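What follows is a short report on a single structure.
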Amino acid sequence: MKTIYLVLPCYNEELVIKDSASKLKELMQKLINEKTISEQSKVYFVNDGSCDRTWELLEEICRENGLFGAISLSANCGHQNAILSGMMYVKDECDAVITLDADLQHDITAIPEFVKRFNEGYEIVYGVRKSREGERKFKKITGDTFYTVMQLSGAKLIRNHADYRLMSSKAIQALSGYEEANLFLRGIIPSMGFKSTTLEYQEKPRLAGESKYSLKKMLKLAADGITSFSIRPLQMISLCGVFAFILSIIMLIYALVVYLESGTVPGWTSIVAPIWFLGGIQLLSLGVVGEYIGKIYMETKHRPRYIVDQVIKAGNQEL
Ligand code: UDP
Ligand code: MG
């Protein structure tokens, strides 16, 4: 029997957290009674710098039941870092960690199946969503575009996988060697190798509250994903440069020919058009190069990706 820990990132989840905890308690107790997982299995919540009552509720939840533990980060470090901090904290206490969202959009009835695959010898099991019940069109379109862009830019990604995942402690140990500040787990983990498989689940609507992934956060995740996995945008800029250079030579020859043939001053179109064209390409290119320089800048600082403020250990409630 394996010891399985669950890790759930929470950011301003006061409306769902209690509900989630009671559903997880029921499931974990059932799995422990059925001897699917060991009695030492636990559930850890990571409070990602919430500004509502999430932490107070978590303290209450942990006090009531030794199954639960909680980690509080000192500030909002983002979903990816919250998951990472949880996994790093528990990795030596368990055989495998399953990460899932605190709003339980990730169907928890799939958990026994994750454990089964782990027992079959898979080090990483990716949850892949079948359908997005009750989801806004906007989210679906932006999500699909993101996967397509990522694939075009050459990153290995599992389509429709959103951090609902089982990782063995061995795989997490390997992950701890990746020290980059711009963390994109969905790209890093498939690139690590290990024996892995996918598992389909039905995506549920949010229990309560609203999405904590604002458009800004989504764009940041997408930009991180693309620029931390591929230098293809930079290569495309070089290609654009070559193309613009060839075009400018053609324009030069054309201008000379017109000048020699008719002796007139060439029209403004042939001057104005390349100015706009080249100006546009230059700005775009600068932007992309700047994006990478920004990444290098952040990486050279070697700042911690998250800071743990408080920890309530599971099963240690009297302390
Ligand atoms: N989350 C987090 N930090 C953030 C944003 C979100 O820890 O800065 C958590 C959030 O509490 C939830 C999970 O990440 O458990 C997924 O977020 P959400 O459900 O809001 O995203 P969606 O399902 O709408 O993509
Ligand atoms: Mg959600």
Other-chain or far-sequence residues with amide H under 5 Å of THR198's (modelled H): TYR126
Cβ-Cβ FRET estimate between ASP92 and GLN151, R0 fixed at 35 Å, reported to 0.05: 0.50
Dipole-positive endmost among GLY187, TYR292, VAL149 within the chain (Cβ charges, Cα centre): VAL149
Spin-label model distance (nm) - SER38 vs ILE253, 7 Å beyond Cα toward Cβ: 7.4
Accessible area of the chain divided out per residue, in Å², using a probe of 1.4 angstrom: 52
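Can you list the trypsin sites (Lys or Arg not before Pro) in the range 1-93 that are in a DSSP coil and have 13 or fewer other beta carbons within 10 angstrom?
Within the range 1-93, the qualifying trypsin sites (Lys or Arg not before Pro) (loop, at most 13 other Cβ atoms within 10 Å) are LYS35.
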Student exercise, the chain dipole from Lys, Arg, Asp, Glu Cβ charges, in Debye to nearest 20: 600
Value of relative contact order over the chain, rounded to a whole percent, pairs C-alpha under 8 Å and six or more apart: 25
Those chymotrypsin sites (Phe, Trp or Tyr not before Pro) in the range 208-299 that DSSP places in a loop and that have at most 10 other beta carbons within 10 Å: TRP268
Whole-percent pair-distance distribution, where bins are 20 Å wide, for the alpha carbons of the chain: 28, 48, 15, 7, 1
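Check every DSSP H run in the chain and write down those whose alpha carbon atoms cover 20 angstrom or more along the long axis and whose mean Kyte-Doolittle hydropathy is 1.0 or greater.
232-262
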Distance between modelled label sites at ILE293 and ASP309, nm, 7 Å Cα→Cβ extension: 3.6
Beta bridges by DSSP in the range 73-207, antiparallel share as percent, to the nearest 5: 55
Selected from VAL16, VAL258, ALA314, residue furthest toward positive end of dipole (the chain; charges at beta carbon): VAL258
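Hey, any idea what % of the range 168-269's accessible area is carbon plus sulfur with a 1.4 Å probe?
68
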Options ALA208, ILE172, HIS161, ranked by Cα towards positive dipole end of the range 107-254, top entry (Cβ charges): ALA208
For TYR164, distant residues with modelled amide H under 5 Å away: GLY127
MET167, MET88, MET251, reordered so the largest accessible area comes first (probe 1.4 Å): MET251, MET88, MET167
ARG159 accessible area, 1.4 Å probe, all protein chains in place, Å² to nearest 10: 100
Antiparallel bridges, percent of DSSP beta bridges restricted to the chain (to nearest 5): 35
Theoretical FRET efficiency, 1/(1+(r/R0)^6), r = Cβ-Cβ of GLU210 and SER74, R0 25 Å, to 0.05: 0.55
Nearest-10 value in Å² for the accessible area of THR145, using the 1.4 Å probe: 70
Under 5 Å, built H, 5+ apart or other chain: amide partners of LYS42: ILE4, TYR5, LEU6
Whole-percent carbon and sulfur share, accessible surface of the range 39-144, 1.4 Å: 46
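Based on the mean of other beta carbon atoms within 10 Å per residue, what is the order of 181-187, 308-314, most packed first?
With the highest mean Cβ count within 10 Å placed first, the list reads 181-187, 308-314.
The values are calculated or read from the model by the stated rules, or taken from the named source; none is laboratory data. Quick caveat, the model's predicted, so the values are computed rather than measured. We place every Cβ from the backbone using ideal geometry, glycine too, and count neighbours over all the protein chains shown. These accessible areas exclude ligands, DNA and RNA; they are computed on the full protein's heavy atoms, side chains included. Shrake-Rupley method; radii C 1.70, N 1.55, O 1.52, S 1.80 Å.
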